[in-house]
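A.B. asks: I am attaching a structure below and will ask some questions about it afterwards.
The values are calculated or read from the model by the stated rules, or taken from the named source; none is laboratory data. Just so we're clear, the structure is a prediction, and the values are computed from it rather than from any experiment. With ideal geometry, Cβ positions are generated from the backbone for all residues, glycine too; neighbour counts draw on all protein chains shown.
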Amino acid sequence: MFDRFEPESRQLMARAREEALRLRHDYVGTEHVLLSLLNERETPAATALARHLDPEAAYANLQPRLPVGDLDDPLGQLPFTPNMVRALEETIADVDHVGTERIESIHVLSGLLRTQNSEARHGLEAVEVDPDALLDSVYEILGIAEADRRPPRDRRGQVRRFVIMLAVVALLTLALTSLFS
C-alpha cells in the first residue's frame, strides 16, 4: 500500500507511529496522524493547516487530551484503527479520482478530513476548526476545482448492496437446500 507514498508521506506515517508509541497506544489512529501533521513545516499540508489554526498551539491543546495507554513493550507493527484504514481508503480514492499516482501528506490530510466521526475530525473541532472548511483549503492548494471534487461516499448504498447480497445468498441457500433434500 505504501509504495505509492512519497518519502514525505512515509515519514508522516512513521512519525504517527512514534506519536502512538509515545502515548503508549497499541494502534495507530487518525489522531496520531493529525498530531504528526501538526508538526510538519513547509509542506502543502502544513500550509493548509496554518490557514485555519496555529499548528504548535493546536498540538499543545490536542496532545494532552489523548489518554495514555498501557502498552509497555511494543513488538513489530502497530495496527491501524478502522477509522485510520478508512482514512487511507479515502486518501487513495481521492488520489485516484484526480488521476495522481503519488501520495503526499496533503493527500493523507484530505483522507483524514473525509473520514466522518474520526478522532482527527473531533480533535480539529475541539480546537474550533471546521474540518470541511479545512478540506476546501486542501482542495484549493491541490488546485482541484469544486466541480472536480469527489463526492462524499454514501455508506448507506454500500450497506444496502450488502443486505441485498445477503438476501440473494439466503435465497440461493434455500433453493439449493430444497433441491438436495
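A.B. asks: Within the range 1-17, can you find the residues that are surrounded by fewer than 22 Cβ atoms within 10 Å (Cβ to Cβ) and either in contact (Cβ under 8 Å) with a residue 12 or more places away in the chain or touching a Leu at 6+ places or on another chain (Cβ under 6 Å) (or both)?
C.D. replies: Those that are surrounded by fewer than 22 Cβ atoms within 10 Å (Cβ to Cβ) and either in contact (Cβ under 8 Å) with a residue 12 or more places away in the chain or touching a Leu at 6+ places or on another chain (Cβ under 6 Å) (or both): 1, 4, 5, 6, 8, 13, 15, 17.
A.B. asks: So, one more: Tell me, please, whether a residue that is at pLDDT 70 or above, assigned to a helix (DSSP H, G or I), surrounded by 10 or more Cβ atoms within 10 Å (Cβ to Cβ) and touching a Ser or Thr at 6+ places or on another chain (Cβ under 7 Å) can be found in the range 148-171.
C.D. replies: No, there is no match, as no residue in the range 148-171 is at pLDDT 70 or above, assigned to a helix (DSSP H, G or I), surrounded by 10 or more Cβ atoms within 10 Å (Cβ to Cβ) and touching a Ser or Thr at 6+ places or on another chain (Cβ under 7 Å).
A.B. asks: Restricting attention to the range 31-62, report how many residues are surrounded by fewer than 17 Cβ atoms within 10 Å (Cβ to Cβ) and either charged (D, E, K, R) or at pLDDT below 85 (or both).
C.D. replies: Residues flagged as surrounded by fewer than 17 Cβ atoms within 10 Å (Cβ to Cβ) and either charged (D, E, K, R) or at pLDDT below 85 (or both) within the range 31-62 amount to 5.
A.B. asks: Which of the residues belonging to the range 106-136 are under 11 Å from the mean Cα position of the chain (by Cα) and not aliphatic (A, V, I, L, M)?
C.D. replies: Residues satisfying the conditions are 107, 110, 111, 114, 115, 116, 117, 118, 119, 121.
A.B. asks: Scan the range 85-120 residue by residue and report those that are without any contact (Cβ under 8 Å) to a residue 24 or more places away in the chain and touching a Ser or Thr at 6+ places or on another chain (Cβ under 9 Å).
C.D. replies: If the condition is that a residue be without any contact (Cβ under 8 Å) to a residue 24 or more places away in the chain and touching a Ser or Thr at 6+ places or on another chain (Cβ under 9 Å), then 89, 91 are the ones that fit.
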